[in-house]
Every structure is written in C-alpha cells, then in structure tokens.
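The values are calculated or read from the model by the stated rules, or taken from the named source; none is laboratory data. Since the model is a prediction, treat every value here as computed from it, not as a measurement. Note that we place each Cβ from the backbone using ideal geometry, even for glycine, and neighbour counts take in every protein chain shown. Only protein heavy atoms, including side chains, enter the accessible area calculation; ligands, DNA and RNA are left aside. Shrake-Rupley method; radii C 1.70, N 1.55, O 1.52, S 1.80 Å.
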Amino acid sequence: QVQLVESGGGSVQAGGSLRLSCKSSAYTYCLGWFRQAPGKEREGVAAILPDGTTFYADSVQGRFAISRDNAKNTLNLEMNRLKPEDTATYYCAADREWRRVCGLKELDEYKYWGQGTQVTVSS
C-alpha cells in the first residue's frame with residue numbers, strides 16, 4: 001500500500017500562481033497530477049517519469065511545471081498564470097508498474113491516489 005498526501009491548495013486570483021505538493025510513503029514509477037471539477041470527468045494534468053521526462057495536457061502546457069524528488073518521494077506542481085477553468089480538486093496519483101509513458105488519458109494506469117486538494121481561481 002502506498003499513501004499519498006497532497007498539500008498547497010488554496011484560492012487565488014486569475015493570473016496568479018500556486019504550488020502543489022504531494023508526499024508519497026514509498027517510491028513509485030509513474031507520478032501524476034489529475035483534476036476534477038464538479039460535474040466533469042477527472043482529467044490528466046501532468047505526469048513525470050523517474051528520469052524527469054514530463055507529459056502535459058495541452059490546456060496547461062507552458063503554464064504548469066511538474067517535478068519530483070526521488071530521494072524524498074515528493075511530487076510538485078507549480079501552476080502559473082492560473083485561469084478560472086483551472087478551478088478543480090487536484091489529485092496526485094502514482095503507480096509502481098514500469099511504463100514507457102506515464103499517460104494522462106487512462107486513470108486505471110494509476111493504482112494509488114491521494115485525497116485531493118482544492119484549487120479555486122477567481123476572475
């Protein structure tokens with residue numbers, strides 16, 4: 001069992017920045033951030049391989065930056081130039097299985113999930 005705990009959520013004005021963090025109880029292969037707004041499906045935001053290779057959703061490319069510290073088992077998401085449409089509950093997710101790509105489309109690829117942290121962006 002791997003436990004994930006997110007932190008750093010909050011309320012900011014459009015154009016502002018926020019940094020999310022996730023602490024894992026153990027090393028995992030794929031790490032990613034997903035988000036879900038009320039009435040909408042959960043969607044992938046960003047993912048990262050152990051070697052630092054990153055994957056981003058088109059909607060956040062150039063604005064968000066995902067990073068990880070394998071020694072500390074932590075995952076971060078720096079969010080810049082936030083937009084109201086970024087408002088959602090953000091979840092960190094992890095999986096131990098090797099993959100060539102840590103995808104953002106298939107949620108089933110991630111076995112472990114955090115409890116979520118709320119991000120609200122006001123206009």
Run down Arg68, Arg81, Arg100 and say which single residue is under 17 Å from Tyr27 (Cβ atoms) and out of contact with any His (no Cβ under 6 Å at 6 or more places or on another chain).
Arg68
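Just to be sure I understand, how many residues within the stretch 11-51 are exposed (fewer than 13 other Cβ atoms within 10 Å of the Cβ) and not aliphatic (A, V, I, L, M)?
9
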Can you name the number of the only condition in (1) open to solvent by 50 Å² or more (accessible area, probe 1.4 Å); (2) at positive phi that Glu106 fails?
(2)
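Check Thr54, Thr87 and return the single one that is among the hydroxyl-bearing types (Ser, Thr, Tyr) and open to solvent by 50 Å² or more (accessible area, probe 1.4 Å).
Thr54
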